[in-house]
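Following: one structure in structure tokens, then a few remarks.
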Amino acid sequence: MPGGLRRYEFSEQLAGILGESRRDLRFRVTMMVSGGVMEPGPRGRGSPLATPAYGTNLLIGTMAAPQQVHTVEAIRCYRELAPVAIPETTAPSVVVGSPAIRTTTSASTTLPLPLEQLRFGECLTELLELALFDTTREILANELFGIWVNRSCPVAALQIGMWSKGQRSIITQRFELPDGGHLPAWLDPGRGGTADPGLFHTVFLPVDKLIEIGMLTTSKKQKGIPMLNLGLKMTKFTDIVNLVRQGDQRHQWEEMLSALAKVQAWTNKVGAQDSRLVEVTDFGSNPGNLRMFSYVPRHLPVGAPLVVALHGCTQTATAYDQGSGWSQLADRFGFSLLLPQQHWHNNPLRCFNWFRPEDTTRDSGESLSIRQMVERMLLDHDLDGRHVYVTGLSSGGAMSSVMLATYPDIFAGGAIVAGVPYHAADDLQGAFEAMFTGRCLMAREWGDRVRAASSHQGPWPRISVWHGDADASVTPVNAEEIIKQWIDTHGLSLMPTVENHVDGYPHRIWQSPQGQNLIESYTITGMSHGQPLDIDGEEHSYGTAAPFFNDVGISSTYRIAEFWGLGLSEAMSREGIKPEDKTEVEQTITVIPTPTSTDSGSWSEKNASPDETDASANSQGNTGKAHTKRTSAPLGIDVQEIITKSLGIAGILKGTGEAPGSTGSKSTQNSDLFGIDVQGIINKSLDMAGSLAESYRTPSEIDEEGKSQWQGEGWELISHSANTSATEPLLFGYASSGNDCDTGNKVRSISRQVLLGQHPSLSYIRRLNLNASVNNYTKARFSVLVDGLPVDEVSAIGMKHTETEWTQRSGIDLAPFADRKVTLTFEVSAHSNVCNEVFAKAWVDRIHVRDVITVNGKN
């Protein structure tokens, strides 16, 4: 960690950062000592360490005082400025979406950084504290634009980035003289000052310099209770600490904080790596102000299931996926994955707010945000709305209880890992009591709370409950209360139908009268708080052992998916059977033999959508089946052959397939059925539907000479991507202005031609780094253009904009360009008006053009 400078060294370094003379800073330090702002101490190398509080005083004295003699007055006045209630929007901004129709996102009603209880000096000290730690420096850089101090009146401000109506704008949080405060001497006519000082100006300090200054200080908080380095978010977190310290849970709380510090450290380590997840924006009104991440396996078939996975406190979507292994299992079993993520400013520990009525009521707050994410996933990926499941760990497990109770019509099943029952608490104090001591009610009372959460009358979700019996963070009695809640909801007996051991751990099942498993419970003996894993479990090995992810020899991820029936899809895909056909297949299994391995493709191959074509850059060519040269085999599949053999196996079409007892030789008999040319009808139907030859494809990525179809300047083809296979490159573009005083607008672009159909749309994923924070008039931009017209864009003016996660953009309407060959262009541009660099960097991948072809007036 940075820091360690003595006061004299700090003032020397600060002079260089601010562009002031060292002599000026030394004199101001002398004024601070003589004025009683700080205690005197030895000079030179024996001077005390420069703390964030010391840095705050010297920084305010330098920025606010128009003359050295006013240093102490400036510190005492500006340090006590109080925040005003209403922020104001200013000019610098980041705008996302098409210039014609801007994307709309939800507007937050509060500032990203809660400042209600902090005066300006305290706030500045906390900002310098944030700059000290790797874990919070990124938060500071992303959420703060800078600070300014007005010398002509006692006003100062933080400028904070905020999303509202598709724009990341600057919100100015002002600090003004509180009631009873005194004007500084230079503004007080009674003390020789001037009420209207005229040319006194505003002094601005950008966040980059603030971070640089903070890194020179040394914090005194390092040896205290782990505070998780949440900086300004500690204003609310301190209230939580004080609340718990007054109760009986102090020891448990401090142990939990210590554990959460380790969880956060691991989460930060995971966050520094590339993620498999893609961030999705614009999924609805988002009243809970959550972030949405997803993982969709390649070639996912239409009608696949959806799993919603909710992280625990201090975790992120990426860290939870890394620990639990859900995306690994999604690849194997063929389902889509949705991972909502909490914001720090919603909860100081980044827990889901499972105890706040405004977030646990149907169609309200965080629960509604998650439901909107589910709807977006179902729509974007043609998923099966009958097979949606939710699971979570700790606070994510408690939030899973909320989702299952408030939306039982949406979720077919759920799994609660180290969680609590629905409606176990209505406030923060109740939440701690539920976690540390548990809340025991009659089964009927628990069930009534679920029934009152919605108008749903059944059927109810199937529930899997997991808990370690040595859990000190969430008492194991909660598992039994969850079971009671759902037993009563389902109308079952308290006695389990089946009791056994799985992988050495007690397992109970409650079945319906028809024998269906409705509720199951795993008690992991000897396990502390966390998610059970089986790292050496061969085919059951998913996830990564880490804090709150415990390698205990049983894979909760695999067993939960198995309980929901997700593994059934994998088994059926090997047989070429759809899940909804399960009952019929079992009834006719003796009539229709199982196809041979040469006849049955994977589920994903047979159900891949032919109307979505991959236009990703590929300098080497794609070796996958999607690029096979057989004109009658879309996506590498001989559709005619599959249908013909299927009909033959069923005994409907003569002379094809391998009927029982056949030798495997192909017959040359007529393929008519009752005088009808079935084969001809199939051929004509496939041809009209655009499923044969190249009717659905965009042009090949590689021309006859082996050159990429993408052409341009300032862009590269990168052959390895964290989100794709090594053979599928992504696009990288970089534009820079201002280096070596080469100013002006610099544009770099890459293009290719695409033939569009009648109803085209575009989707892609991206990561951006736009740096235009030199001054209010510098610009950086990323654009997607079709025939020179922008269809999607992100522009930054006077600000930085960094997308640290992959962002998905889908459903971009290209209807104005339908039925013609167009030029698709990705462009980055940078414009600087001084000799400081402004740049735009973009990584683009998974470029898809969806072209719905009309047949006889129908889609």
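Only the coordinates and a few stated rules stand behind these numbers; no lab work does. What you see is a predicted model, and the numbers here were worked out from it, not measured in a lab. All Cβ positions, glycine included, derive from the backbone under ideal geometry; neighbour counts span all protein chains shown.
Over region 274-572, what relative contact order in percent results from Cα pairs under 8 Å that are six or more residues apart? Write out the running numbers ahead of the final one.
On the way: 693 pairs, mean separation 50.0, N = 299.
That works out to 17 percent.
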With label points built 7 Å along Cα→Cβ from the Cα atoms of Tyr734 and Cys835, find their separation and express it in nm.
2.3
How far, in nm, would the chain grow between Ser455 and Asp274 when pulled straight, counting 0.36 nm per residue and subtracting the alpha carbon separation?
60.9 nm
For the ranges 329-338, 394-403, what's the packing order if you count other beta-carbon atoms within 10 Å of each residue, average per peptide, and put the highest first?
394-403, 329-338
Using a ≥ b ≥ c from the Cα gyration tensor of region 274-572 (square roots of the eigenvalues), is it rounded, prolate or oblate, where a/c under 1.5 gives rounded and otherwise the larger of a/b and b/c decides, a/b for prolate?
rounded
How far apart, in nm, are two points set 7 Å out from the Cα along the Cα-to-Cβ line at His501 and at Val69?
8.7
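Summing Lys, Arg as +1 and Asp, Glu as -1, what charge do residues with Cβ under 9 Å from the Cβ of Glu366 carry, Glu366 excluded? Could the numbers behind the result be given before it?
Numbers: positive: Arg356; negative: Glu358, Asp359.
My count for the surroundings of Glu366 gives -1.
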Spelling it out for Thr281: with amide H atoms placed in the peptide plane at 1.01 Å from N, the residues 5 or more places away or on another chain with amide H under 5 Å from its amide H are Gln808
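Taking the mean number of other Cβ atoms within 10 Å as a proxy for protection, how do you rank 557-566, 298-307, 175-184 from highest to lowest? Can you show the working numbers first?
On the way: 557-566: 22.7, 298-307: 20.8, 175-184: 14.9.
Packing order, densest peptide first, comes out as 557-566, 298-307, 175-184.
Could you tell me the relative contact order of region 369-419? Use alpha-carbon pairs under 8 Å, at least six residues apart, and round to a whole percent. Each step should come with its number before you reach the end.
Numbers: 61 pairs, mean separation 19.0, N = 51.
This gives 37 percent for region 369-419.
So for Met38, Met799, Met527, fewest C-beta neighbours within 10 Å to most, what's the order? Walk me through the intermediate numbers first.
Details: Met38 17, Met799 24, Met527 21.
Ranking Met38, Met799, Met527 by Cβ neighbours within 10 Å, fewest first, gives Met38, Met527, Met799.
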Note the per residue figure in Å³ for the convex hull of the C-alpha positions in region 711-852.
107
At what distance in angstrom do the alpha carbon centres of region 739-811 and region 828-845 lie from each other?
10
